[in-house]
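The structure under discussion appears below in the form of structure tokens.
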Amino acid sequence: MTEYHSYEPAKGHGLKHNPLNAIVAPRPIGWISTLSQGGVRNLAPYSFFNAFAYVPPLIGFSSQGWKDSIENARATREFVWNLATRGQAQAMNASSATVARDVDEFALAGLGTLPSQLVRPDRVAGSPVQFECKVTQIVQLETKEGTAIEQWLVLGEVVAAHIHRAMLEDGVYQTARARPILRGGGPADYFEITEAALFQMPRPA
């Protein structure tokens with residue numbers, strides 16, 4: 001007989017660490033750059049991130065608490081997603097530090113910048129893919145009873161995409177070639193996508 005550790009989240013999980021983000025994992029990282037109305041650059045990683053639509057292309061990230069990225073996205077209606085890779089993992093981690101609002105995380109993490117084409121926030125130099133986005137919605141999340149919680153989902157439409165040509169082969173983007181990193185569970189777990197992890201499975205006709 002299979003034994004399960006079962007629990008009701010509202011009553012606690014009974015474990016050393018909440019397993020939710022270790023189970024729903026690994027998750028792509030929303031390495032989000034924004035610009036304040038006063039012109040201060042901000043860069044922060046969000047592990048609650050994903051793509052939500054093909055046409056138009058919509059991506060989104062969710063923040064626990066009203067942070068600078070959310071305030072900037074609300075004020076300017078713009079953000080840039082930058083692909084976090086193994087080569088920039090330490091810089092990505094450095095950009096997650098809790099610092100004063102006037103601190104430039106690009107400088108803090110020792111990262112160069114590239115100008116965007118259609119939005120004002122800079123792109124991360126060295127990142128092999130960046131999506132320039134215009135905010136479409138900012139949604140405060142709610143419980144099943146309809147009570148608002150301190151969690152905000154920012155959705156944006158990709159208005160410009162930048163892909164390093166080395167990531168393309170015969171017109172197809174090669175996911176593992178960029179060595180993207182993903183967030184796992186616990187306080188420090190990450191994973192890297194490599195060619196060794198690849199398997200192919202065409203959809204049924």
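We did not get these values from a lab; they are worked out from the coordinates using the rules stated. Remember, predicted model here, so these are calculated numbers, not experimental data. Cβ coordinates were reconstructed from backbone atoms using ideal geometry, including for glycine residues, and neighbour counts include every protein chain displayed.
Tabulated values for the structure
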| quantity | calculated |
| --- | --- |
| The range 142-189: trypsin sites (Lys or Arg not before Pro) in DSSP coil with no more than 11 other Cβ atoms inside 10 Å | K144 |
| Where trypsin sites (Lys or Arg not before Pro) fall in DSSP loop in the range 1-81, at most 13 other Cβ within 10 Å | K16 |
| Shape call, the range 79-120: gyration tensor on alpha carbons, a/c limit 1.5 | oblate |
| Nearest-20 debye value, the chain charge dipole, Cβ charges on Lys, Arg, Asp, Glu | 140 |
| Rg and Dmax of the range 79-176, Cα atoms only, in Å | 16.2, 50 |
| Alpha carbon convex hull of the range 102-151, volume per residue in cubic angstrom | 142 |
| Extension gain (nm, one decimal) between H5 and Q140, 0.36 nm per residue minus Cα-Cα | 45.5 nm |
| Alpha-carbon Rg/Rh ratio, for the range 27-192, with Rh computed the Kirkwood way | 0.95 |
| Relative compactness, the range 58-127, computed as alpha-carbon Rg over 2.2 N^0.38 Å | 1.11 |
| Relative compactness, the range 12-106, computed as alpha-carbon Rg over 2.2 N^0.38 Å | 1.18 |
| Footprinting exposure proxy for L198, L111 (fewest neighbouring C-beta atoms within 10 Å first) | L198, L111 |
